[in-house]
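Following: one structure in structure tokens, then a few remarks.
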């Protein structure tokens with residue numbers, strides 16, 4: 001992968017179009033027009049995390065991303081748990097993206113959009129992206145590049161068209177909190193609306209998941225990660241701004257009287273033909289996002305298996321020398337999300353809860369790396385790759401940690417006091433189940449005792465090199 005192809009993988013995983021289109025309505029209903037600022041704030045917070053990751057991958061350009069980074073920074077057990085949480089979060093994200101694409105594809109195909117239709121579409125998408133990924137790294141790079149170009153052009157064109165020809169609101173609406181009933185303070189509504197931006201701003205770590213498939217990875221991947229935040233974040237802010245300013249009836253969008261304000265404004269501004277064209281771009285974005293997610297997940301499993309840290313390591317670490325992909329890991333990381341999506345036919349509420357684990361799982365895994373970097377610094381680690389933050393490393397690291405902890409609390413915070421406890425705390429319960437099961441497996445099977453790959457040695461490398 002070239003730098004641009006590596007960046008395209010991160011961009012299509014982050015996928016501003018997928019993130020904004022799928023969750024805009026709920027975020028707008030929660031916070032009204034000022035929710036736009038959450039994309040700016042979350043982007044700044046995740047940029048700090050991106051800088052920390054850049055330092056780590058620059059010194060340790062190893063496939064698998066979070067798992068090998070945690071292993072070198074802290075140790076085997078820390079790495080095993082970080083990878084366990086991250087892996088399940090990726091599976092849930094893939095199931096969520098495939099299921100989220102189903103309504104758009106159903107509209108394009110003229111289907112009714114029943115639960116059966118949605119499940120079959122999700123399974124077909126996962127099967128298609130698995131086949132594409134199995135074709136090889138070169139095809140993955142090309143498809144990711146095509147997805148990036150289509151998504152970026154689509155975001156710029158759609159956003160520009162709406163702002164020029166379909167704008168209904170002044171810029172002042174971005175600071176108008178009067179549309180949302182606040183009961184004294186707007187802050188709770190603003191924090192609730194920020195969940196959409198938090199779902200949108202991860203994916204840059206995927207650039208590091210394919211480190212061993214990227215020439216000059218120590219230099220190229222930190223640049224690609226930062227570009228993902230710059231360009232992906234700017235695209236998300238641009239599209240979200242266009243949507244906010246183009247909504248004609250804000251009270252209807254907030255109250256739910258207009259359940260799909262994006263479809264309403266696109267049909268009104270572009271007509272049915274224009275709306276279908278936009279849906280086509282959205283579908284390309286969904287497919288490229290799913291492709292990148294599966295690529296990242298398969299490299300994580302491959303890295304686990306290569307270090308003998310998981311059941312079936314001999315099977316999962318097999319690598320196709322002709323296609324340059326971990327074929328068995330790809331198949332497994334297609335089967336698990338497919339099973340999650342398929343179970344939605346019988347357990348719709350449970351599957352929604354499982355899929356909601358995606359964002360919190362990613363954020364917890366991210367913060368295990370950020371905290372791991374702080375632990376390694378306290379032990380004496382000085383990043384020694386081509387990209388380092390120098391004297392600002394501690395400041396950025398602590399800032400990223402503070403942001404991440406705040407984000408995790410915000411995601412888990414119960415916001416529906418009138419509902420049953422298992423609705424309010426479903427995400428917390430799901431997270432606890434994943435952590436407890438991972439801990440039990442780690443204690444009983446002791447997978448971290450296998451393999452001879454270096455662990456917890458980041459700070460020792462400084463002493464060896466002087």
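The values are calculated or read from the model by the stated rules, or taken from the named source; none is laboratory data. Just so it is clear, the structure is predicted and the values come from calculations on it, not from any experiment. Quick reminder, even Gly has a Cβ in these numbers, built from the backbone with ideal geometry, and neighbours come from all protein chains shown.
Points worth noting:
- Exactly one residue out of 281, 244 is more than 19 Å from residue 337 (Cα to Cα), assigned to a helix (DSSP H, G or I) and within 21 Å of the chain's Cα centre (by Cα), and it is 281.
- The lone exception for residue 387 - which of (1) within 30 Å of residue 337 (Cα to Cα); (2) under 25 Å from the mean Cα position of the chain (by Cα); (3) part of a loop (DSSP other than H, G, I, E, B) it fails: (1)
- Residues considered: 376, 407. Of these, the only one that is within 19 Å of residue 82 (Cβ to Cβ), over 22 Å from the mean Cα position of the chain (by Cα) and part of a helix (DSSP H, G or I) is 376.
- Residues being without any contact (Cβ under 8 Å) to a residue 12 or more places away in the chain and outside any helix (DSSP H, G or I) - total across segment 251-272: 2
- Condition check for residue 248: farther than 30 Å from residue 388 by Cα and without any contact (Cβ under 8 Å) to a residue 60 or more places away in the chain: no
- From 118, 102, residue being free of Cβ contacts under 8 Å to residues at least 60 places away in the same chain, more than 30 Å from residue 448 (Cα to Cα) and touching a helix residue (DSSP H, G or I) at 6+ places or on another chain (Cβ under 7 Å): 102
- Residue match in segment 413-424 (condition: in a helix (DSSP H, G or I) and in contact (Cβ under 8 Å) with a residue 12 or more places away in the chain): no
- Residue among 132, 152, 162, 125 that is in contact (Cβ under 8 Å) with a residue 12 or more places away in the chain, in a helix (DSSP H, G or I) and under 19 Å from residue 203 (Cα atoms): 152
- Here residue 182 fulfils each of the conditions (1) part of a helix (DSSP H, G or I); (2) surrounded by fewer than 20 Cβ atoms within 10 Å (Cβ to Cβ) apart from (1).
- The set of residues in segment 199-218 that are under 17 Å from residue 26 (Cβ atoms) and surrounded by 24 or more Cβ atoms within 10 Å (Cβ to Cβ) comprises 200, 201.
- Any pair with Cβ under 9 angstrom, 6 or more apart, that starts in segment 197-215 at a residue that is at positive phi and ends at one that is surrounded by 24 or more Cβ atoms within 10 Å (Cβ to Cβ) and outside any helix (DSSP H, G or I): 203/15
- Candidates in segment 442-460 are the residues that are in a helix (DSSP H, G or I) and surrounded by fewer than 16 Cβ atoms within 10 Å (Cβ to Cβ); of these, the one that is modelled with the lowest pLDDT is 449.
- Output for segment 234-243, where each listed residue is crowded, with 24+ Cβ neighbours inside 10 Å and either closer than 11 Å to residue 43 by Cα or at pLDDT 95 or above (or both): 236
- Lone qualifier among 75, 32, 65 - being at pLDDT below 95 and under 29 Å from residue 126 (Cα atoms): 65
- Residue 130 surrounded by fewer than 24 Cβ atoms within 10 Å (Cβ to Cβ) and touching a strand residue (DSSP E or B) at 6+ places or on another chain (Cβ under 9 Å): no
- Filter pass, residue 396 being modelled with pLDDT under 90, in contact with a helix residue (DSSP H, G or I) (Cβ under 9 Å, 6 or more places away or on another chain) and either more than 28 Å from residue 430 (Cα to Cα) or assigned to a helix (DSSP H, G or I) (or both): no
- Among (1) loosely packed, with under 12 Cβ neighbours inside 10 Å; (2) under 27 Å from the mean Cα position of the chain (by Cα); (3) over 29 Å from residue 302 (Cβ atoms) - the single one residue 432 does not satisfy: (3)
- Within the set 285, 246, 298, 292, the sole residue that is in contact with a strand residue (DSSP E or B) (Cβ under 8 Å, 6 or more places away or on another chain) and either buried (at least 23 other Cβ atoms within 10 Å of the Cβ) or at pLDDT 90 or above (or both) turns out to be 298.
- Given (1) at pLDDT 85 or above; (2) in contact with a helix residue (DSSP H, G or I) (Cβ under 7 Å, 6 or more places away or on another chain); (3) surrounded by fewer than 20 Cβ atoms within 10 Å (Cβ to Cβ); (4) more than 22 Å from residue 333 (Cβ to Cβ), number of the condition residue 123 does not satisfy: (4)
- Which listed residue is exposed (fewer than 15 other Cβ atoms within 10 Å of the Cβ) and in contact with a helix residue (DSSP H, G or I) (Cβ under 9 Å, 6 or more places away or on another chain), from 171, 162, 191, 187: 171
- Scoring residue 141 on the criteria (1) at pLDDT below 90; (2) surrounded by fewer than 20 Cβ atoms within 10 Å (Cβ to Cβ) leaves a single failure, condition (2).
- The set of residues in segment 194-231 that are at pLDDT below 90, in contact with a helix residue (DSSP H, G or I) (Cβ under 6 Å, 6 or more places away or on another chain) and not in a loop (DSSP other than H, G, I, E, B) comprises 196, 197, 198, 199, 200, 206, 207, 208, 209, 211, 213.
- If you go through segment 317-343 and keep only what is part of a helix (DSSP H, G or I) and over 28 Å from residue 147 (Cα atoms), you end up with just 343.
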